[in-house]
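The values are calculated or read from the model by the stated rules, or taken from the named source; none is laboratory data. Note that the structure is predicted; figures quoted are calculated from it, not measured. Here the Cβ is made from the backbone with ideal geometry for all residues, glycine too, and neighbour counts use every protein chain on show. These accessible areas exclude ligands, DNA and RNA; they are computed on the full protein's heavy atoms, side chains included. Shrake-Rupley method; radii C 1.70, N 1.55, O 1.52, S 1.80 Å.
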Amino acid sequence: MSRFLKKPFSLLCLSVFLLLAPWWAFPLQELLHHSFYTTADAFVLLGISGLAAFFCCRFLPDSLFEISDKTGVILSKTKNDKRWLWILAFLAGTFVVLLWINRLILHSFMGSADEHSCYFLAECFRMGKWWLAPHPLSEFFNVVHVGNRDGKWFSVYPPGWPLLMAFGLKYHFLDSLNPAIIAAALFFFFLTAKKLYGTST
């Protein structure tokens with residue numbers, strides 16, 4: 001993407017191409033006999049993002065980009081204890097915003113078959129099992145990514161993430177698990193960037 005940002009006209013062409021996805025995505029899938037594992041809407045949203053990047057490159061004044069540099073310089077000159085206070089406040093704010101989005105906008109809904117399958121395995125772990133016996137009417141409960149054969153009802157995913165989910169289920173903080181992990185990941189990302197490039201970056 002950085003190559004496209006250096007050549008705004010290329011970014012504009014790519015964005016327009018993506019915006020026209022409703023007219024080319026489905027015919028191309030039929031021609032290739034292959035699904036792209038996404039919808040035309042996803043391509044359109046990517047095109048809108050590309051257009052936004054194009055307009056930012058072309059029309060936003062450089063002074064707006066200098067603000068982030070100045071913020072970094074101020075942060076690097078701030079006393080160590082105050083700097084950590086700012087960092088912790090930012091991480092706490094990130095956690096609260098993500099938790100709010102999850103509960104009030106997404107209604108804690110698991111939006112993909114992958115997540116449902118991991119949740120299924122987490123529930124199995126919570127019961128101390130790797131799989132369950134199939135329901136007597138199991139043919140009505142066959143879903144994507146949850147296997148049902150040879151007398152076993154199981155998730156097709158490895159146990160890592162479901163183990164964390166099982167922990168969240170057991171102690172009733174499943175909704176806040178993702179926001180907490182994202183905040184922690186941002187913290188370690190900050191430490192890595194600080195070590196490699198300095199506090200300002």
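The residues of the chain expose, per residue, 73 Å² of accessible area to a 1.4 Å probe.
Computed from the Kirkwood radius of its Cα pairs, the Stokes-Einstein diffusion coefficient for the chain at 25 °C and 0.890 mPa s stands at 114 µm²/s. Note on the chain: dipole from Cβ charges, positive end direction compared against PHE188, LEU20, PHE125; the farthest Cα belongs to PHE188. Ranking of TYR119, TYR171, TYR37, TYR197 by solvent-accessible surface, largest first: TYR37, TYR197, TYR171, TYR119 (1.4 Å probe, protein heavy atoms only, all chains present).
Ligands, DNA and RNA left out, the 1.4 Å accessible surface of the chain is 70% carbon and sulfur atoms. About the centre of its Cα atoms, the chain shows a dipole size close to 880 debye [charges on the beta carbon of Lys, Arg (+1) and Asp, Glu (-1) only; nearest 20 debye].
The residue list VAL97, TRP161, THR199 was ranked by how far each Cα lies along the charge dipole of the chain toward its positive end, using unit charges on Cβ atoms, and THR199 comes out on top.
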